[in-house]
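Heads up: the structure comes next, in structure tokens.
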There are 2 protein chains.
Amino acid sequence: MSNVVSKEVRLKARPEGMPKLEDFEVAETEIGAPGDGEVLIRNIWMSVDPYMRGRMYDRESYVPPFQIGAPLEGGAIGQVVASNSDKVAVGDYVQSMLGWREYAVAKGEEVQKVDENAAPIQAYLGTLGMPGMTAYAGLLRVGELKDGETVFVSAASGAVGAVVCQIAKAKGCFVVGTAGSDDKCKWLEETAGIDKAINYKTCGNLTEAVREAAPKGIDVYFENVGGEHLVAALENMRPFGRLAMCGMISQYNDTTPTPGPNNLIYMVGKSLKMQGFIVSNHFDLLPDFIRDMSQWIKEGKIKWEETVEDGIERAPNAFLNLFTGGNFGKMLVKVGPDKAV
Amino acid sequence: MSNVVSKEVRLKARPEGMPKLEDFEVAETEIGAPGDGEVLIRNIWMSVDPYMRGRMYDRESYVPPFQIGAPLEGGAIGQVVASNSDKVAVGDYVQSMLGWREYAVAKGEEVQKVDENAAPIQAYLGTLGMPGMTAYAGLLRVGELKDGETVFVSAASGAVGAVVCQIAKAKGCFVVGTAGSDDKCKWLEETAGIDKAINYKTCGNLTEAVREAAPKGIDVYFENVGGEHLVAALENMRPFGRLAMCGMISQYNDTTPTPGPNNLIYMVGKSLKMQGFIVSNHFDLLPDFIRDMSQWIKEGKIKWEETVEDGIERAPNAFLNLFTGGNFGKMLVKVGPDKAV
């Protein structure tokens, strides 16, 4: 098999503050044939996620930073078009971390087969994938959710938040969530079935809005946003409440550090637990997650929305949309046709 | 037995910002004879503690607020001078929450006998009492301390901090602590035996000072102070570190809420756990605490300092000293002679 020409998106410059399209470049590169034990994948879907912003800074973290001039990385679903691995066959649909490019070569054991009959394959980048698993581990293990408790979720219509909301509803909880538009709030109440959605852009005082929505207080707060959301959560937490810290998207593009909540002293008086987590530290829960999530999807308990940008060249736009509320539900990039073989 | 005249300290006005002597008043009151099942206690020692500042605000919390014109409350050690209870006899030394007064009547089951032969009786207000128990529960249960870890303690020479430091040393840990004077730092290193004491008033950048003292990072932070101390701790925490939130004395007298740490996002990236606690929720650990602490004291592993104000009239001064660093170790008020009977 001769080399294929593959478009890929590279980091051109480290963004300062809000990322710009000029921080990225689309380039063509030649991908050689897979070597021994390797496979050639043609990507079909790729994911953009808020955590990627962190990897654009040049600093030590739980994953190494992206390198200038190198292709970005991230979750992708593709089809195997050539295989020298006995783990994966031509035609298999696989998940990899080799997104932001049309073709990729990987070792057979670096990719995971996905069942294209269980759900639309792009669901493995959202509800059935890393965001869904993040919601599951964060809410149930880190947040120690008990049936029937009151849950507050920020960015509730996002890829993670929407799953958090619906797991909580499946567990018989009272669920309050925030989103940045009336459409998203409507979806949360009418489709996802949560008890009260708050448009944080128009509600006025968020602390008061949460108090009104959950007058008995919050047992578990699922944090995706930071800033005023965290202040409102702390103010409304019940004694022994838990705060599962998944992210703080409101601060990812800050050029100077933002002060934290001015009511953190509630941690003491209310005996609260605040715990940050990274989904990869909870992969022991994967079998439970797949079992429960498949069941809930089958029972119609989990709905999701997708926003799709078409073509690898649009991946930077898709990523930028994460920070402007331009997405509704899971933000995806369609890299190529479903059937690659 | 005829009535006794007892001086008591009352809250005259709710302090605004830093409490002033004028916020308190000393008054005389007549204490009647104990009724059925009751005892009359003559207080010998009383405790002042930072948490009392919180009870001077008129707000809902885990304990009700102090009332204007009523005597304050707090830990005290006294001797029983009259008893109609079969639980406690005349001459017994007892601990109660009826401090800030010379005499008090209590139900027999509301007071706890203390063993005057095991330690100086005032130790039951410090190392062998609530502050010691706070250190024990906070460090071992909330902080989940493991032998050999690195511990950072703020207000390390205080009544709670000094016990935290020495329990950690007894567990083979590397211990860094802060205090507000060179004398206190010297005591921490030379008497309490910690590895590095930092004078936070003269060290310059606290985050850098902690990094220098504990270059491998912190596993457990015991929080008594808040503000820059918390920022420095978060910056230096190791992945999966724990922050045991006991208090934030730097903020108790704030008239407007102080912003929180500007690096709280480390909670996510480092998978940190921050947990607030109230000692009374951990009283199931009391037998373990008494057993371990008595043993450590016997082995010479736990030292403590006391600062004593003489006479019930000086109790407000003693309390104020907590916020100005005017105490060294446990701040006590000697209310009356050791032998009351």
_Qualifying lysines (Cα of each under 16 Å from Cα of B:K301; at least 8 residues distant if same chain)_ = B:K169, B:K171
*Let me have the relative contact order for chain B, percent, based on Cα pairs under 8 Å that are six or more residues apart.*
19
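Compute the FRET efficiency between B:K303 and B:K113 as 1/(1 + (r/R0)^6), taking r as their Cβ-Cβ distance and R0 = 35 Å, and round to the nearest 0.05.
Details: r = 25 Å, r/R0 = 0.73.
E(calc), rounded to 0.05, equals 0.85.
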*Could you give, in nm with one decimal, how far A:G172 is from each other copy of that position, shortest first, with labels 7 Å out from Cα toward Cβ?*
4.6
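Can you say what percent of the DSSP beta bridges in the protein assembly as shown, counting only those with both residues inside, are antiparallel? Round to 5. Please list the in-between numbers first.
Working: 66 of 118 bridges.
The answer is about 55 percent antiparallel.
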*Taking the label point 7 Å from Cα in the Cβ direction, how far apart in nm is B:S280 from each other copy of itself, listed shortest first?*
4.5
_Quick check for you: which residues of the range A:30-67 have the amide N under 13 Å from the point 7 Å beyond the Cα of A:V5 toward its beta carbon?_
A:30-31
_Long-range HN-HN contacts of A:K113 with modeled amide H, under 5 Å_ = A:Q95
*Hey, rough spin-label estimate for B:K216 and A:E16, points 7 angstrom out along Cα→Cβ, what's it come to in nanometres?*
3.9
*Hey, which lysines would be in cross-link range of A:K273, C-alpha to C-alpha under 20 Å, not counting anything within fewer than 8 residues on its own chain?*
A:K146, A:K216, B:K146, B:K270, B:K273
*asked:* If every alpha-carbon in the range B:130-298 counts as one equal scatterer, what log10 I(q)/I(0) does Debye give at q = 0.17, 0.20 1/Å?
replied: -0.99, -1.38
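If you take the square roots of the eigenvalues of the alpha-carbon gyration tensor of the protein assembly as shown and sort them as a ≥ b ≥ c, do you get rounded (a/c under 1.5), prolate (a/b over b/c) or oblate?
Working: a/c = 2.66, a/b = 2.22, b/c = 1.20.
It is prolate, given that a/c is not under 1.5 and a/b is the larger ratio.
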_Less than 14 Å Cβ to Cβ from A:I302, Lys/Arg counted +1 and Asp/Glu -1: what total charge do the surrounding residues give?_
+3
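From the Cα gyration tensor of the range A:235-341, with a ≥ b ≥ c the square roots of its eigenvalues, which class applies: rounded if a/c is under 1.5, or else prolate if a/b is larger than b/c, or else oblate?
Oblate.
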*Dividing the alpha-carbon radius of gyration of the range A:297-341 by 2.2 N^0.38 Å (N being the number of residues), what value is obtained?*
1.39
*Long-range amide H contacts for B:T307: which residues qualify at under 5 Å (H placed 1.01 Å from N, peptide plane, sequence gap of 5 or more or a different chain)?*
B:F328, B:K330, B:M331, B:L332
*If amide H atoms are built 1.01 Å from N in the plane of the peptide, which residues on other chains or at least 5 residues away come under 5 Å of the amide H of A:C173?*
A:G148
*Determine, for each peptide in A:255-264, A:60-69, B:139-148, the mean count of other beta carbons within 10 angstrom over its residues, then list the peptides with the highest first.*
B:139-148, A:255-264, A:60-69
_Please list, by residue number, everything in the range B:131-156 whose backbone N is under 16 Å from a paramagnetic label point 7 Å out along Cα→Cβ of B:Y62._
B:131-144
_Whole-Hz ³J(HN,Hα) from phi, Karplus 6.51 cos²θ - 1.76 cosθ + 1.60, for the range A:173-183, glycine and proline x_ = 8, 8, 10, 10, x, 10, 8, x, 8, 5, 4
*For chain B, what does the alpha-carbon gyration tensor say about shape, rounded, prolate or oblate, given a ≥ b ≥ c as the root eigenvalues, a/c under 1.5 as rounded, and a/b over b/c as prolate?*
prolate
*Determine which lysines satisfy two conditions relative to B:K113: a Cα distance under 22 Å, and not lying fewer than 8 residues away in the same chain.*
B:K87, B:K298, B:K330, B:K334, B:K339
_Per-copy distances of the A:C203 label point, shortest first, in nm (7 angstrom along Cα→Cβ)_ = 4.0
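What FRET efficiency comes out for the pair B:K201/B:L285, r = Cβ-Cβ distance, R0 = 45 Å, nearest 0.05? Working shown, then result.
Numbers: r = 34 Å, r/R0 = 0.76.
Working from the Cβ atoms, E equals 0.85.
Every read-out reported here was derived from the displayed coordinates using simple, explicitly stated rules and does not represent laboratory data. Note that the structure is a prediction, hence the values are computed from the model and not measured. Using ideal geometry, Cβ is built from the backbone for each residue, glycine included, and neighbour counts are taken over all protein chains shown.
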